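Undergrad: One structure is given below, represented as C-alpha cells, and several questions about it will come after.
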Amino acid sequence: MTFDLGKLPAPVAEKRTSKTLHHGKELSDSYAWLRADNWQDVMRDPEVLPQDIRDYLEAENTYYETLMEDTKPLQEALFEELKGRVKQDDSSVASPDGPFAYASRYEEGKEYPLFTRAPREGGDETILFDGPKEAEGTEYFALGLMSHSPDHKNLAWSVDTNGSEFHHMRIRDLDAGTDSEELVRDVGSFTWCSDAKSYVYVKVDENHRPNAAYFKAPGKDEELIFEEKDPRFYVHVGKSLDGKWIQIHTGQNDEDEVHLLPADNPKAEAILVTPRRAEHEYSVDMHRDTLYITTNSGGAENFRIMTANISAPHEEDWKELIPHRPHVLLDSSFVIKDFMVRLEREDALPRIVVRHIASGEEHIVSFDEEAYSLGVGSGYEFDTTNFRFSYSSPSTPAQVWDYDLETRERMLRKEQEIPSGHDASNYVVRRLQAPTEDWENVPLTVLYHEDTPLDGSAPCLLYGYGSYGMGMPASFSTNRLSLVDRGFVYCTAHVRGGDEKGRHWYEQTKKAGKSKTFKDFNASGNYLASEGFTSRGKIVAMGGSAGGLLMGAVVNMEPDLYSGIIAQVPFVDVLNTMLDASLPLTPGEWSQWGNPIESADEYDIIASYSPYENVIEQDYPPIFALSGLTDPRVQYWEPSKWVAKLRDVTKGKSPILLKTNMGSGHFGKTGRFAYLEEVALVYSFALKAVGKN
C-alpha cells in the first residue's frame, strides 16, 4: 500500500511574511497568520475562528482524508480488532470509604462510565453519575473532577464539552439526585472542607492559567483566599489523607511552594511550609501534626524525605528521614496511619518500599519480569492497613492487587480481561541498552511476536517522549498488539528528558542540553537497526505533545532513518511559542527551554533546534501531524505552520499530512471507543508507511 499523490493536489498555505526583531536578530515567519488573533475566544467557541484559517484547516483535512481513503478497510478492521480487546462491561475495583465502596463501570456498548457506590459490606448499587446520559447531545465530553463529600451526601462533578479544558462544575445532592442550579465556571482543582458543605477550588484566568483559590459556602458568594501574581506559577488545591489540612500548592516544573489551611477553618491564615526559591522542588504529606517533605534540597537530585512539625515547618527545622541515594529516584510516597509507602525507581525499573512509621522497619514488594510498570494508590482512607497497586508489563495485562501491610499478603483483585484472547507466551519482551555518542546507554523496552524474524526485515514503531522528567512506563497496551501481530517490533525509547534513570536523566536536557533528547532517540533507532531488530528506513517514529517536538527535531536531523513520522499534537513551534508570554503555558515553561525574550543566548539555543525554524530543503519521509482546534497546551497553529513549511521546502515526494480535530483539544476524541478510531487511523498510517496492509 503506497500513497497516491495524484489523487488531489496538496493544499498550499498562503505566505504572509511577518518579521520581528529579537536581540538584534530578525525572525521571519511566513505562516504566522495561522495564529488567530482571537484564539482565546476560539477556545470557548470554535465557531469564531476566522474564515481564512478555517478554510485552510478544512482543506488539509480533506487532503489527508483523500490520501488515506484507501486505508478505510484497514482502519475498520483495526478498529474492530482494537474494540474486540476491550471488555464491554468492564468495571473498576471498588474503593472503600467509610460506610460505602465507590466504583465505576461501563455498560455494554457505552462510551462513558457510570459512577456508583454500594454499602461497604455488600448490598445494592446506587448510580451516582450516569456518564452516557450526561453526555447525550455532546460531540465532546471530558469529565474533570468527581469528588464525593466527606459525609457522602454530595458530589462535585465537572465537565469540558469542547476540548479547551475549561471545566464547569455543579454540586449534586445524592439523596435527591438533583444538581445545584449554580454553575461554577473554569474550575481547575477542588477539595471539600470538613463541614462537607463548603469547598475550596481553583479557577483558571482568561489565559487558561490556574492562579487563584476561592472558598465557597452554600448560598454565599465565592471568596478569594489565595492569589498567585507570578504568571510562571500555577495553583493547585488538595487535602491531606487524614482530612485535617487543605494544601494550596503553587509552583512550576522545578520550583514549589506549599501553604496549609485547616480543613475546618479554610479562611484562617495559611501556614507557609517554606518559601519557594529557584530549582527547589518539594511536596508535603501529612501525618497528624507531622509533615513528610519530599525535597531535592541539599543537593538531593533524586530527592530525599524530611520531617517537620506543623508548628515549625520551615526548611531550617527539617530533619532527614530517608536520605538521598545517587542511583535511586524517589518517585512518590504517601502516609497512612501506621505506614509510609513509597515508589522508587532504579535503572528504569520501579519498586515499592513499605516503612513502618513507629519502628522504621522497611521491606520491599518485589517483582520478577525483565521490564514492567507499577502504580500505587492511597485510596480514600487514612486509618487502614491496606494499599492498592497496579502491575503490568508489555506482555502481561494489567493487574490490580491489594496489599496487607501487616501480613504482607497480596490479594489479586482484578486482571485485565481481553475478550478476543491473549496468550502472553506468544510475545517477547526485552530490555536493551542503546549506546550514545557521549557514552550513555538509553534503556529500550522492546516488544515483538515470537515469530518475528530479527534479521533486519521487520518494521519498527519507535515511541518516545523525553521531557519534563516524565518517565515512560514499561506497561501493557492492547492496542500495540495490532502492530506487533502484523510483524512490527514495538520499542519505547527511554531517552534523556524523562527520569527513568534518575533525575539527572532529566536535568541534563534543560535549555542547552535539549539536543541530547533528540540524539538519544536517533541513537536508539540506529542501535535497533544494527542489532537486526529492524533496518534504517523501516522505522516509524511516534510521539505526542513534547514528544511531537522530539519527532520534529529527529526528522530534521536524520530523515533517512525513518519510513514515517507520526506527530500527535506536536510542540514544534518552540521559539515563537516561548516568545509569546500571553499563551497559557509559556511563562512556566521558561525554566525548561529558556526565556528567549530576556536572554539572547537562550534565544539562540531554542532557535538551534526548534523544528519549525530548522525545516530545510531535504527529502523528508511521510509525515502525519494531528492537532485539536481548542487545544490549550499545544495550540493548533503549531502543527499547521509546521506542515505548511515542510510541504513548501521538501525535496521529496512523500506526503505531508495534517488532521485537525475541529471539535476537540489536546487529547483527541473522548469516549473509550471513539478514541480507538484515531488509534486505528494512526496505525493504518504506520502500516502504509512501511508498505504493509
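Undergrad: Sort the following peptides by mean Cβ neighbour count (other Cβ atoms within 10 Å, averaged over residues), highest first: 453-462, 365-374.
TA: Numbers: 453-462: 18.5, 365-374: 16.3.
Going by the mean number of other Cβ atoms within 10 Å, highest first, we get 453-462, 365-374.
Undergrad: Show which aspartates and glutamates lie in cross-link reach of Lys501 when reach means a straight Cα distance below 13 angstrom and same-chain residues fewer than eight apart are skipped.
TA: Lys501 reaches Glu301, Asp331, Glu344, Glu346, Asp347, Glu440.
Undergrad: Now, a different point. Once amide H atoms are built 1.01 Å from N in the peptide plane, which residues 5 or more positions from Asn211, or in another chain, come under 5 Å H to H?
TA: Lys203, Asp205, Val235
Undergrad: Next up: Where in the chain are the DSSP H helices whose C-alpha atoms run 20 Å or more along the long axis and whose mean Kyte hydropathy is at least 0.0?
TA: Numbers: long enough: 51-67 (24 Å, -1.20); 515-530 (22 Å, -0.63); 674-689 (23 Å, 0.97).
Span-like helices in the chain: 674-689.
Undergrad: Here is a further query. Which far-off residues, 5 or more places away or on another chain, put their amide H under 5 Å from the one on Tyr612, with H placed in the peptide plane?
TA: Answer set, sorted by chain and number: Val574.
Undergrad: Determine the dipole magnitude for the chain: charges of +1 sit on the beta-carbon of Lys and Arg, -1 on that of Asp and Glu, nothing else is charged, the reference point is the Cα centre, and the result goes in debye to the nearest 20. Walk me through the numbers on the way to the answer.
TA: On the way: 72 positive and 113 negative charges, 211 e Å.
It comes to approximately 1020 debye.
Undergrad: Same structure, new question: Hey, which of these cross-link pairs are over 29 Å Cα-Cα: Lys19/Lys688; Lys229/Lys510; Lys216/Lys414; Lys87/Lys669; Lys516/Lys641; Lys229/Lys267?
TA: Details: Lys19/Lys688 39 Å; Lys229/Lys510 25 Å; Lys216/Lys414 39 Å; Lys87/Lys669 19 Å; Lys516/Lys641 25 Å; Lys229/Lys267 19 Å.
Cα-Cα > 29 Å for Lys19/Lys688; Lys216/Lys414; rest within.
Undergrad: Still on this structure, please answer the following. Summing -39500 (n - 2.57) over the DSSP H runs of n ≥ 4 in the chain and dividing by its residue number, what mean residue ellipticity at 222 nm do you reach, to the nearest 500 deg cm²/dmol? Numbers along the way, then the final one.
TA: Working: 13 runs with 128 residues, N = 693.
When only DSSP H runs of four or more count, the value is -5500 deg cm²/dmol.
Undergrad: Can you give the charge dipole size of segment 589-693 about its Cα centre, rounded to the nearest 20 debye, using +1 on the beta carbon of Lys and Arg and -1 on the beta carbon of Asp and Glu? Present the calculation step by step, with values, prior to reporting the outcome.
TA: Numbers: 11 positive and 13 negative charges, 176 e Å.
It works out to roughly 840 debye.
Undergrad: Check Asp186: other-chain or 5+ apart residues with amide H under 5 Å from its amide H, H built from backbone geometry?
TA: His167, His168, Met169
Undergrad: Quote the relative contact order of segment 505-658 in percent (integer), defining contacts as alpha-carbon pairs under 8 Å separated by 6+ residues. Spell out each step's value before the answer.
TA: Working: 278 pairs, mean separation 34.4, N = 154.
Computed value for segment 505-658: 22 percent relative contact order.
Undergrad: Pop out the ³J(HN,Hα) list for segment 236-241 in order, Karplus 6.51 cos²θ - 1.76 cosθ + 1.60 with θ = phi - 60°, rounded to Hz; leave Gly and Pro as x.
TA: In residue order, the calculated couplings are 9, 10, x, 10, 5, 5 Hz.
Undergrad: Charges on Cβ only, +1 for Lys and Arg, -1 for Asp and Glu, centred on the Cα centroid of the chain; of Leu5, Ser515, Ala135, which one is farthest towards the dipole's positive end?
TA: Leu5
Undergrad: What FRET efficiency would be calculated for the residue pair Arg410, Ser91, taking the C-beta separation as r and a Förster radius of 30 Å, to the nearest 0.05?
TA: On the way: r = 21 Å, r/R0 = 0.69.
Once rounded, the FRET efficiency stands at 0.90.
Undergrad: What does the highest-first list of 495-503, 209-217, 656-664, 35-43 look like by mean Cβ count within 10 Å? Walk me through the numbers on the way to the answer.
TA: On the way: 495-503: 25.3, 209-217: 20.7, 656-664: 23.0, 35-43: 17.3.
In descending order of packing, they fall as 495-503, 656-664, 209-217, 35-43.
Undergrad: Put +1 on the Cβ of each Lys and Arg and -1 on the Cβ of each Asp and Glu in the chain; which of Met286, Ser610, Gln433 then has its Cα farthest toward the positive end of the dipole?
TA: About the Cα centre, the residue reaching furthest to the positive side is Gln433.
Undergrad: If I take the Cα coordinates of the chain and project them onto the principal axes, what are the three extents in Å, biggest first?
TA: 68, 56, 53
Undergrad: Have a look at Thr62, Gly466, Val540 and report the one farthest towards the positive end of the charge dipole of the chain, computed about the Cα centre with Cβ charges (Lys/Arg +1, Asp/Glu -1).
TA: Farthest along the dipole direction, towards plus: Val540.
Undergrad: Let me ask something else. Looking at the chain only, what percent of DSSP beta bridges run antiparallel? Nearest 5 please. Mind dumping the intermediate values first?
TA: Numbers: 127 of 152 bridges.
In the chain, DSSP labels about 85 percent of beta bridges as antiparallel.
Undergrad: According to a simple spin-label model (label point 7 Å from Cα along Cα-to-Cβ), what is the distance in nm between Leu454 and Asp264?
TA: Here the modelled spin labels are 6.3 nm apart.
Undergrad: Moving to a separate point now. Order of 636-644, 480-488 by packing, highest average Cβ count within 10 Å first?
TA: Values: 636-644: 26.4, 480-488: 20.9.
Packing order, densest peptide first, comes out as 636-644, 480-488.
Undergrad: Provide the per-residue ³J(HN,Hα) series for segment 656-672, in order, calculated from phi with Karplus coefficients 6.51, -1.76, 1.60 and θ = phi - 60°, each as a whole number of Hz, with x at glycine and proline positions.
TA: Taking θ as phi minus 60°, the curve returns 10, 10, 9, 10, 10, 6, 6, x, 8, x, 5, 9, x, 5, 9, x, 5 Hz for segment 656-672.
Undergrad: Please turn the phi angles of segment 30-41 into ³J(HN,Hα) values with the Karplus equation 6.51 cos²θ - 1.76 cosθ + 1.60 (θ = phi - 60°), one per residue in order, whole Hz, x for glycine and proline.
TA: 6, 10, 4, 5, 5, 7, 5, 4, 9, 4, 5, 5
Undergrad: Here is a follow-up. Which whole-number percentage describes the relative contact order of the chain, with Cα contacts under 8 Å and a sequence gap of 6 or more?
TA: 11 percent
Undergrad: Still on this structure, I have one more. Setting aside same-chain residues fewer than 8 positions from Lys659, which aspartates and glutamates have a Cα under 15 Å from its Cα?
TA: The reachable aspartates and glutamates, counting only those whose Cα sits under 15 Å from Lys659, are Asp55, Glu58, Glu60, Glu65, Glu69, Asp631, Glu638, Glu677, Glu678.
Undergrad: About its Cα centre, what dipole magnitude does segment 362-501 give when the only charges are +1 on Lys and Arg Cβ and -1 on Asp and Glu Cβ, stated in debye to the nearest 20?
TA: Working: 11 positive and 22 negative charges, 71 e Å.
Rounded to the nearest 20 debye, it is 340 debye.
Undergrad: Only sites in a loop by DSSP and with at most 13 other Cβ atoms within 10 Å count here; which GluC sites (Glu not before Pro) in segment 1-77 make the cut? Could the numbers behind the result be given before it?
TA: Working: sites: Glu14, Glu26, Glu47, Glu58, Glu60, Glu65, Glu69, Glu76; in loops: Glu14.
Here the sparse-neighbourhood loop sites are Glu14.
Every number in this text was worked out from the coordinates using simple rules, so none of it is lab data. All of these numbers come straight from a predicted model, not from anything done at the bench. Here Cβ is always computed from backbone atoms with ideal geometry, including for glycine, and neighbour counts include all displayed protein chains.
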